[in-house]
Amino acid sequence: MKRLLVVDDVPLFRAGLTAALTGAGYDVVGEAGDGEAAVALAEFEQPDIVLLDILMPGASGIEVLGKIRAISPKSHVVLLTGSESQEDLIAAIRGGARGYILKDVPFEDLVVVIDQIVAGGAAVSPGMAGQLFDITRELLLHHDLVSARKPTLTAREIEVLGLVADGRTSRQIGDLLFISENTVKNHVRNILDKLGLHSRNEAVLYAIRENMIRLP
């Protein structure tokens with residue numbers, strides 16, 4: 001039997017939800033009407049699921065989410081809320097919530113969500129799915145823009161940078177590549193200009209971090 005904690009500042013809603021969950025076969029180990037009581041109960045009971053409202057007196061559900069995740073890391077927190085704010089959705093996901101469900105959800109659908117989350121899944125209300133899609137699209141577009149702005153080095157510049165990482169001097173690199181020492185220095189200067197860096201060591205560290213080269 002899965003153990004649940006219900007957190008909501010409206011006593012009638014809290015009592016009705018607790019009764020419905022108990023009737024559906026869940027073990028509701030506690031109820032809380034504010035963040036402080038919710039954190040204390042979560043720490044003591046270590047429930048499988050915490051159904052948590054966002055808009056409460058005192059600490060918001062988002063703040064409580066972080067505290068519960070810290071003191072009861074095995075508890076899966078589901079925001080059960082009336083807030084359709086994209087900011088709240090992002091904050092909930094960032095805080096480690098496993099679900100974001102609007103309060104107008106039919107009870108039978110909430111039961112499905114709880115079972116999905118206990119099994120390791122996650123859930124978002126259909127009414128919030130569009131916003132989640134928009135958030136994901138914006139993140140992907142931002143990632144594409146950042147990737148497009150990444151400087152690219154030529155094959156020869158990467159080759160020179162690899163030899164720099166190997167501790168070779170400009171003259172040694174020139175001898176190995178059959179080019180002049182000045183040409184090597186020009187390559188190094190171009191590398192630094194492209195990467196916006198100031199030293200060979202910075203360029204080597206950048207190249208290793210970006211998997212352009214490997215340490216010898």
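Can you give me the orientation-averaged projected area of the convex hull built on the Cα atoms of region 18-84, in nm²? Mean projected area for region 18-84: 4.4 nm², to one decimal. The C-alpha atoms of region 155-209 occupy a region whose extents along the principal axes are 27, 19, 18 Å, arranged from largest to smallest. Mean projected area of the Cα convex hull of region 3-127, taken over all directions, amounts to 6.5 nm².
Which net charge results when you count Lys and Arg as +1 and Asp and Glu as -1 among the other residues whose beta-carbon is under 14 Å from that of ALA70? Spelling it out: positives minus negatives among the neighbours equals +1. Neighbours of VAL6 by Cβ distance under 12 Å: Lys/Arg scored +1, Asp/Glu scored -1, total -4.
Rounded to the nearest whole Å³, what is the per residue volume of the convex hull around the Cα atoms of region 83-204?
Residue-normalised Cα hull volume stands at 158 Å³.
Assuming R0 = 22 Å, can you tell me the calculated FRET efficiency for the pair ALA119 and ARG94, based on Cβ-Cβ distance, to the nearest 0.05?
For ALA119 and ARG94, the calculated efficiency is 0.45.
What's the Cα-based Rg to Rh of region 55-132, Rh via Kirkwood? If you can, show how the numbers build up before the last one.
On the way: Rg = 11.9 Å, Rh = 12.7 Å.
Computed over Cα atoms, the ratio is 0.94.
Only helices enter the 222 nm calculation for the chain: every DSSP H run of n ≥ 4 contributes -39,500 (n - 2.57), and dividing by all residues gives -18000 deg cm²/dmol, rounded to 500. Highest mobility in the GNM of the chain, judged by mean-square fluctuation with C-alpha springs under 10 Å and restricted to ASP134, ASP109, ASP166, is found for ASP166. Pairs of Lys residues in the chain are counted when their Cα atoms are under 27 angstrom apart and they lie 8 or more places apart or on different chains; the count is 8.
Note on the chain: Cα-only Rg and Dmax are 27.3, 83 Å.
Bear in mind these aren't lab numbers, they're just calculated from the coordinates by the rules spelled out. Since the structure is predicted, the reported quantities are computational estimates derived from the model, not experimental observations. When we count neighbours, we look across all protein chains shown, and the Cβ atoms used for this are built from the backbone with ideal geometry, even at glycine.
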